[in-house]
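Written below as structure tokens is the structure these notes are about.
The values are calculated or read from the model by the stated rules, or taken from the named source; none is laboratory data. Not measured: the values here are computed from a predicted model. Virtual Cβ from ideal backbone geometry, glycine too; neighbours counted across all protein chains shown.
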């Protein structure tokens, strides 16, 4: 992106731009980059990523194939409806996912790390229910190879950003590797937001924090993403061509005792007659990992803010428990269909959102 264009975009967006290629520059430039990133992590938790090296053709193809998927007849999409998967993989109609108990007006396809289901016994940790295969549409065979290629690329980006974050926190670049290797969680969503002539509210996605290490968000052309500052002010994060929006999640807030922000954000449904498309990737730790508190340098430790406490959404250091809690809450139909033993009688009747079990 030309510098003048980037500057104009930054003035419009009010979020900082981070050029990850500077992480691999000479010592002086790298040091300046790390210092700037450290400030962004503490102040924002959200930024536009440039210099990432992703092939623009791959980005174009993923957006195009996403639009073709959502254009399929409903009966084709419902063949892989998420409620058919105990592993929370597959298609959701608009209004079927919830944030803090309220309907999100977006349709989406959820894909995670390809795997095999685990035989469950009385002593099997509940989070192992998350492991298993994805569901893919028979009517669109090109979707699977494209999304898996894209998943691999954004995993690379997420790990590169996480390594830069570790260095900015005064750690070795691979400080977090012990809790994401050999296999991080790789949740990928392709998303379509219908206009307000279809949506019953303006909630595309309700206000929330992301649960993983970092989120890598690809936006198409229609805006809607908003970020809430520490002062409670909502600012827009419109699409900027050639960039990804990166935000830090709850795992980094836990690991740094609040030095790194996991910012609240939401998506406003687009105007009537307009559709919004995006592709969100959530890089998380291994499900069997426990998030430690890392020892920050003294000058950073003095800036720790502690962990955000939300009685409606407790955060666990046990990664698998935290992720399963999130999925049970956001997909109550799947929870009731496949995980009734984890729910209360009220939740089984649909009278309350699933708990943290």
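Miscellaneous remarks
- Test: residue in the range 192-207 that is in contact (Cβ under 8 Å) with a residue 12 or more places away in the chain, under 24 Å from residue 251 (Cα atoms) and in contact with a helix residue (DSSP H, G or I) (Cβ under 9 Å, 6 or more places away or on another chain): no
- Scanning the range 140-159 turns up one or more residues that are assigned to a helix (DSSP H, G or I), farther than 15 Å from residue 280 by Cα and under 18 Å from the mean Cα position of the chain (by Cα).
- Boolean, residue 231 is modelled with pLDDT under 95, in a loop (DSSP other than H, G, I, E, B) and either within 29 Å of residue 128 (Cα to Cα) or out of contact with any strand residue (DSSP E or B) (no Cβ under 6 Å at 6 or more places or on another chain) (or both): yes
- Filter result for residue 67 (farther than 29 Å from residue 265 by Cβ and touching a strand residue (DSSP E or B) at 6+ places or on another chain (Cβ under 7 Å)): no
- The set of residues from the range 85-119 being more than 22 Å from residue 139 (Cα to Cα), in a loop (DSSP other than H, G, I, E, B) and in contact (Cβ under 8 Å) with a residue 60 or more places away in the chain comprises 86, 95, 96, 100, 101, 105.
- The single residue among 152, 173, 177 that is in contact with a helix residue (DSSP H, G or I) (Cβ under 6 Å, 6 or more places away or on another chain), without any contact (Cβ under 8 Å) to a residue 40 or more places away in the chain and surrounded by fewer than 21 Cβ atoms within 10 Å (Cβ to Cβ) turns out to be 173.
- Residue within the range 82-92 that is surrounded by fewer than 18 Cβ atoms within 10 Å (Cβ to Cβ), at pLDDT below 95, out of contact with any helix residue (DSSP H, G or I) (no Cβ under 7 Å at 6 or more places or on another chain) and within 28 Å of residue 207 (Cα to Cα) present: no
- Looking across the range 120-135 at every residue that is surrounded by fewer than 20 Cβ atoms within 10 Å (Cβ to Cβ), without any contact (Cβ under 8 Å) to a residue 60 or more places away in the chain and in contact with a helix residue (DSSP H, G or I) (Cβ under 9 Å, 6 or more places away or on another chain), the one that is nearest to residue 272 (Cα to Cα) is identified as 135.
- When the range 64-75 is filtered for residues that are under 14 Å from residue 145 (Cα atoms) and in contact (Cβ under 8 Å) with a residue 24 or more places away in the chain, the ones remaining, listed by number, are 65, 66, 69.
- For the range 160-170, filtering for residues that are buried (at least 18 other Cβ atoms within 10 Å of the Cβ) and not in a helix (DSSP H, G or I) leaves 1.
- The lone exception for residue 242 - which of (1) surrounded by fewer than 19 Cβ atoms within 10 Å (Cβ to Cβ); (2) touching a strand residue (DSSP E or B) at 6+ places or on another chain (Cβ under 8 Å); (3) at negative phi it fails: (3)
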